[in-house]
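These notes concern the structure reproduced below.
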Amino acid sequence: MTIHFILNGEDVSMNATSADRLVDLLRERFGLHGAQADCRRGTCGKCLVLMDGRLAPSCLLPAFKARGREIVTYEGFAQTDEYADIAAGFAEAGVECCGFCDKGKILAAAAVVERSSRPTKEEILAEMAEVPCRCTDPETLVRGVQAAAERREGRRYRRASQ
Amino acid sequence: MAPRGEAAAGPDPGAAGLQARELILGDLSQPGMVHVATIRSPTACGRLVSVKAPTLPKGYRLILPADIPGENRIVSFGAELPVLAAERVTYVGEPVALLAGPDLATLGDLAESTRVLVEEEEGTFSWKSFASEQVVAKRVAVIGDPELAFSIADKVLEGEYDSGALEHLYSEPQGALAAFDYDKMAIWCATQWPYHVRDCVALVLGGAGEDVVVRPTRLGFHLDGKLWYPSLLACHAALAALLCKKPARILLSREEDFRCTTKRARSSVSLRTGLDATGRLTALDFRISLNVGAFGPLAEEMLSQACVAATGAYSCPNVRIEGYAVTTNTPPLGAFAGLGAAPSFFALESEAARLASAAGQDPVSWKSRNVLRKGSSLVTGDPLKEEPPYEEIAGRLGKASDFGRKWACYELVRKRRAGRDDGPLRGIGFAFAYQGAGAFLSGGAPNSYSVEATLDKELRLSLKTSAAACSGTMIDLWRRSASDLLGLPLEEVSVAPPDTDLSPNSGPVTLSRGLTVVNKLVERACQAIQKRRFRDPLPISAKAVYRIAKPLHWENGRIEGSIFETAAWGGAVVEVELDPWTLEPKPLGLWLCADGGRIVAPSRARAALRSGAATALSASMRESLEFAADGAIGAEYYRYGILPPGELPPIHVEILEADRRAPAKGLGELPNDTVPAAFMAAVAQAAGANFQSLPVGPEALADWEET
Amino acid sequence: MRVSEIHAPSSLAEVLEQRRRLPEAAFYAGGTELLREQAGRFLRLPPEIISLGAVPELRQVALTERFVEIGAAVTLAEILELRENAVPELLAVALRGVATPAIRNLATLGGNLATRSRFMDSWPALACLDALAEFRDASGSHWVNVNRIADAEGLPAPPAGALLSRVRIPLERWDAIAIRKVGLRDYPAAETAVFALAARAEKGILSEFRLAFAGERSLRLREVEARILGRRLPLNAKERRSFSGDYREAASSLPPGLKQQFGTLVDGALDLLSR
């Protein structure tokens, strides 16, 4: 079947069967390696994408679920101002990841700061359960997400006052 | 040809500073590549009769042991295991053949319809009591006269503590990509020990080490699960590449990795303790059995580490240690965040907490009276050369956690409790430990490692080491050490990729060796350059070599050799409350204190200790691997959940400040060596009952409640 | 590799029509239940799939003063984002315990409630709230009390062949609620179960007391609830002991581990009423 959808802002189409998971198609057909196919059970958080603005594990999305939807991968998100806020917030707090889970953690952080301008530790950690990698110190991660939220607020305020 | 595998677009904050912005194995591919699927043994033990694949389409190939041009074995720390089981199978999931071909879906279907016929025999799974042919390593050490000491002891107590198998859940499932690069076989894989991969592949292909080049991919978080296992998969990929004359990639799925690769060894420590009338330790007797699964690839080293750590942080004049590493028909079991010391610390610390409680004493006071001091005799009979700062550690932890008051208060509540709803079910526990300086203790370990440094004409320094770093922190640290010593700007110091053709063998990355060995070698190489810097023309290269001290020699109950000259000392406190509805232990706080010598990057050391504490707490509260009756990993991968970050308590870390000239020590294992015992002691106080192993789940507590 | 036929109806009428033509077809909404046993490289879905993603009738939420009606294809995350007081707190707490936020973005209320293999997190809460579920098939619409989704053995028995289209949940005041999840939390395993409690008192007398527990089996003991109702609060030690004994005895059908945990949870609930 042919599936049309929006991928990182562009109209695209692909041929797929019901056996294909979105994560594999993103990697193999579109060369987008930001989402990794690790657990294939929606539990490791390494294949997260944004579907219509919401976080979704792309390993639990059969290709047909993408039909007519807007999919943003890590690569697409990395082009946005929101990404820059999070990258800067993480760097400011000294968040260190193993180099595998960082993309999932960035997208999960994006979900938190999208929802709340001053996220609490509890909110952040609840969202971070999405990406249960042993590598990162949770306290630094919380500071990183809070710093990202502050940057985002600052940017919005500056924009509003311009 | 270089493989394709573009890094994801956009900056990569997590990987900042990683060597050569390494590629991720799962992203790598090559044109014309074949995929490799593993055909595995369906039974735990027996004679392999046949492997029958369906008729294979063109381009697909079955690979059997007879196809191996070199030797069908890999060697790890003195142990050996087959690359493909040839005549006998020894565990469920053992590789018996490989299938290679271009299309993953077809390959999957073919692998599914391939039949492995085994003449089944009864497997061996018992390991606490075992037959002599199961023993692959044995250690006995006697210090003083333990039997006499027990006979005159005021009190003699006995205990037994078990530590179960654990899954590493490393950042990426295991795999390897192999392809000819002109006249060499090039291997890409995520490994803690690139030269081990190289030598194993060379042995299997029947070539020399120089015929193989290993280009490590991003390692990520490994918890010592990628010490030797990647070498096995690299051999599989290399065989497929050689026989199919095409690049070949093997990537285990997470599920397959969970079921078939190596896990933490199971361990059981039985101990007998003799005390004098004042509560001082006078005699200790340990019997340690280590279930190392099939082949026991790290058995020698792990058993040595476990036996040396048996007496933990304590000083005792009369000790007997008897240790056995025992093979069974389960997947190979071995290292997990260290090479075997943690279960020993867990056992003695837990027993010490019980002894203190039985004596009606505060565990900190009890433990502090019995800890190692300068001059205390170590298991080798040598006196300890430095004063361990245990008193200060206990003091700092006590103050930060309010241990003394809380312990006394929970003790009072526990003793007066009339029923479950009578007062909060709380407890607090305390544990000491130390981490040695990264030395291997067994003869199976390789013997020399090196690091090279070159200062070029533009005053840029390049460091070469095969040590694969799992985070940017370690690389940063090496660069900083070099930049400090040579007075160079940090940006002028680079670390070359850990490629075996470019960098010398720096040994496996484990036991915090990145810090304790590699960093020392970086410093020594830079010192050598500094000496010649203003005399010789640039470029100047220097190589620093580390030769392993003679391995410990165990004979007639005596241990000869040196276990450590210095160690990182530490302690932990954990406070828990049992949920009044479910009785589930909920951690309220965790406090860690460590003396790690000179701390190069304090905030990073704190972060590393906090994430280590989170891992240790998760393992203590949630994680346990079950084995089915046939020795296979019994549970599904999804059942193995780690503690979500939202359920972690606040983690408080104190680091004792040391002299700038003091050596840097490895701290990474301290949480794993202290937190489990502190957690169990806290749960024991909250529940008013003793437990023997972790995790103490709600089911165990419900059992306890019923009784 | 197995390939299935995907049908994507755009109205409820079309769904029912397709279902009539393809009685063996599986409904696909969030897909989390269908995919949960699949970790292989390729998915193996049932041969015929009716995808419910584009059916507007199943995505609606209607709020009145007395109840809220939630379409079966509304996701758990969307329910949790409804404005305050639009969803009973008991249900919200239960749904927050389901997997992770990203899975809750996919999983739907219908999928959570109508799973045939076991009970999921929403059932105990909805059972305590006396919610009604609307099932549709060719013969029309049938409202079923959520408690009736469990058969006499306590096993899930949603009406065969019918489509769960929406759930109507009464909005009432509760004085005490509790949700506790035991066993594996992030994944519905054999030992995973959810315990729900809702109670209300009028002038110191217990006027409502509902307690439900479900994992692979469900447990709701109306006769014990009836005995507890009308008691003066706090319960005295004798009453507490007696009800605890009643519940523990009735729980004998549960597997041993869950039986013990159920007993512990009941004691927690009775402790609450004894204070």
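Within the range B:375-395, which residues are open to solvent by 30 Å² or more (accessible area, probe 1.4 Å) and under 22 Å from B:Glu654 (Cβ atoms)?
B:Glu386, B:Glu387, B:Glu391, B:Glu392, B:Gly395
Which one of these is touching a Phe, Trp or Tyr at 6+ places or on another chain (Cβ under 9 Å), assigned to a loop (DSSP other than H, G, I, E, B) and either away from every other protein chain (no Cβ under 12 Å) or more than 27 Å from C:Leu82 (Cβ to Cβ) (or both): C:Leu265, C:Leu270, C:Leu184, C:Leu258?
Exactly one of C:Leu265, C:Leu270, C:Leu184, C:Leu258 is touching a Phe, Trp or Tyr at 6+ places or on another chain (Cβ under 9 Å), assigned to a loop (DSSP other than H, G, I, E, B) and either away from every other protein chain (no Cβ under 12 Å) or more than 27 Å from C:Leu82 (Cβ to Cβ) (or both), namely C:Leu184.
Considering each of A:Leu60, A:Leu55 in turn, give the residue that is surrounded by 24 or more Cβ atoms within 10 Å (Cβ to Cβ) and more than 14 Å from chain B (Cβ to nearest Cβ).
Criteria check complete, one pass: A:Leu55.
Can we say C:Ser242 is closer than 26 Å to B:Gly423 by Cβ and open to solvent by 20 Å² or more (accessible area, probe 1.4 Å)?
Yes; evaluated as a whole, the condition is true for this residue.
Do you know which of the residues in the range B:188-207 that are more than 27 Å from A:Arg134 (Cα to Cα) and crowded, with 24+ Cβ neighbours inside 10 Å is farthest from the other protein chains (Cβ to nearest Cβ)?
Ranking the candidates gives B:Val204 first.
Do we have C:Arg19 as on the phi < 0 side of the Ramachandran plot and away from every other protein chain (no Cβ under 14 Å) here?
In short, yes.
In the range A:21-36, which residue that is of a type in the set (Gly, Ala, Ser) and buried (at least 24 other Cβ atoms within 10 Å of the Cβ) is nearest to the other protein chains (Cβ to nearest Cβ)?
Taking the candidates together, the pick is A:Gly34.
Being over 18 Å from B:Cys45 (Cβ atoms), open to solvent by 50 Å² or more (accessible area, probe 1.4 Å) and either free of Cβ contacts under 8 Å to residues at least 60 places away in the same chain or of a type outside the set (Lys, Arg) (or both) is the filter here; which residues of the range B:110-137 pass it?
B:Glu112, B:Ser113, B:Ser129
Would you pick out the residues in the range C:2-16 that are within 14 Å of another protein chain (Cβ to nearest Cβ), closer than 20 Å to C:Ala73 by Cα and in contact with a Pro (Cβ under 9 Å, 6 or more places away or on another chain)?
C:Ile6, C:Ser10
Check every one of the strands (runs of 3 or more DSSP E) wholly within the range B:530-641 and list those with 3 or more residues that are more than 14 Å from chain C (Cβ to nearest Cβ) and touching a helix residue (DSSP H, G or I) at 6+ places or on another chain (Cβ under 8 Å).
By residue number, B:540-547, B:568-578, B:585-595.
Yes/no matrix, rows are residues, columns are (1) more than 26 Å from C:Val224 (Cβ to Cβ); (2) open to solvent by less than 10 Å² (accessible area, probe 1.4 Å); (3) more than 12 Å from the chain's Cα centre (by Cα):
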residue	(1), (2), (3)
C:Ile103	yes, no, yes
C:Leu109	yes, yes, no
C:Phe119	no, yes, no
C:Pro124	no, yes, no
C:Val182	no, yes, yes
C:Leu197	no, yes, yes
C:Ala201	no, no, yes
C:Phe209	no, yes, yes
C:Ala212	no, yes, no
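Out of the residues in the range C:135-181 meeting the condition of being within 14 Å of chain B (Cβ to nearest Cβ) and of a type in the set (Val, Ile, Thr), tell me which one is farthest from C:Ala193 (Cα to Cα).
C:Ile177
Here is a list of conditions, (1) within 14 Å of chain B (Cβ to nearest Cβ); (2) in contact with a Gly (Cβ under 6 Å, 6 or more places away or on another chain); (3) part of a strand (DSSP E or B), and C:Phe195 meets all of them except one; can you say which number that is?
If we test C:Phe195 against (1) within 14 Å of chain B (Cβ to nearest Cβ); (2) in contact with a Gly (Cβ under 6 Å, 6 or more places away or on another chain); (3) part of a strand (DSSP E or B), just (2) comes out false.
Going through the range A:41-52 one residue at a time, which ones are modelled with pLDDT of 95 or more and at the interface with another protein chain (Cβ under 7 Å from one of its Cβ atoms)?
Across the range A:41-52, the qualifying residue is only A:Leu48.
Collect the residues in the range C:93-120 that are more than 14 Å from chain A (Cβ to nearest Cβ) and either part of a loop (DSSP other than H, G, I, E, B) or of a type in the set (Val, Ile, Thr) (or both), keeping them in residue-number order.
Scanning the range C:93-120 gives C:Thr115, C:Arg116, C:Ser117, C:Arg118, C:Phe119, C:Met120.
Is at least one residue of the range B:95-109 closer than 27 Å to B:Leu290 by Cβ, open to solvent by 40 Å² or more (accessible area, probe 1.4 Å) and either at pLDDT below 95 or in contact with a strand residue (DSSP E or B) (Cβ under 8 Å, 6 or more places away or on another chain) (or both)?
no
Looking at B:Leu609, B:Leu617, B:Leu588, which one is touching a strand residue (DSSP E or B) at 6+ places or on another chain (Cβ under 7 Å), open to solvent by 20 Å² or more (accessible area, probe 1.4 Å) and within 30 Å of A:Ala93 (Cβ to Cβ)?
B:Leu588
Search the range B:476-516 for residues being farther than 28 Å from B:Ala335 by Cα and in contact with an Asp or Glu (Cβ under 7 Å, 6 or more places away or on another chain), and hand back the single one that is surrounded by the fewest Cβ atoms within 10 Å (Cβ to Cβ).
B:Leu485
Filter the range B:403-422 for residues that are over 21 Å from B:Trp581 (Cα atoms) and either within 37 Å of the chain's Cα centre (by Cα) or surrounded by 12 or more Cβ atoms within 10 Å (Cβ to Cβ) (or both) and give the result.
Correct list: B:Phe403, B:Gly404, B:Arg405, B:Lys406, B:Trp407, B:Ala408, B:Cys409, B:Glu411.
Table: residues versus (1) surrounded by 18 or more Cβ atoms within 10 Å (Cβ to Cβ); (2) within 14 Å of chain A (Cβ to nearest Cβ); (3) without any contact (Cβ under 8 Å) to a residue 40 or more places away in the chain.
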{"site": "C:Gln60", "(1), (2), (3)": "no, no, no"}
{"site": "C:Leu63", "(1), (2), (3)": "no, no, yes"}
{"site": "C:Val68", "(1), (2), (3)": "yes, no, no"}
{"site": "C:Thr75", "(1), (2), (3)": "yes, yes, no"}
{"site": "C:Asn85", "(1), (2), (3)": "no, no, no"}
{"site": "C:Leu91", "(1), (2), (3)": "yes, no, no"}
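Hey, could you check the range A:111-162 for residues that are within 11 Å of another protein chain (Cβ to nearest Cβ), basic (Lys, Arg) and assigned to a helix (DSSP H, G or I) and say which is surrounded by the most Cβ atoms within 10 Å (Cβ to Cβ)?
A:Arg143
Which one of these is in contact with a Phe, Trp or Tyr (Cβ under 8 Å, 6 or more places away or on another chain) and either in a loop (DSSP other than H, G, I, E, B) or more than 30 Å from C:Gln38 (Cβ to Cβ) (or both): C:Arg210, C:Arg168, C:Arg173, C:Arg240?
The unique qualifying residue is C:Arg168.
Given (1) assigned to a loop (DSSP other than H, G, I, E, B); (2) over 19 Å from B:Lys543 (Cβ atoms), identify the lone condition not met by B:Asp501.
That leaves (2) as the condition not met.
The values are calculated or read from the model by the stated rules, or taken from the named source; none is laboratory data. Because the structure is predicted, anything quoted here is derived from the model rather than measured. Note that each Cβ is placed from the backbone with ideal geometry, even for glycine, and that neighbours are counted across all protein chains shown. Please note that ligands, DNA and RNA were not included when accessible areas were found on the heavy atoms of the full protein model with its side chains. Shrake-Rupley method; radii C 1.70, N 1.55, O 1.52, S 1.80 Å.
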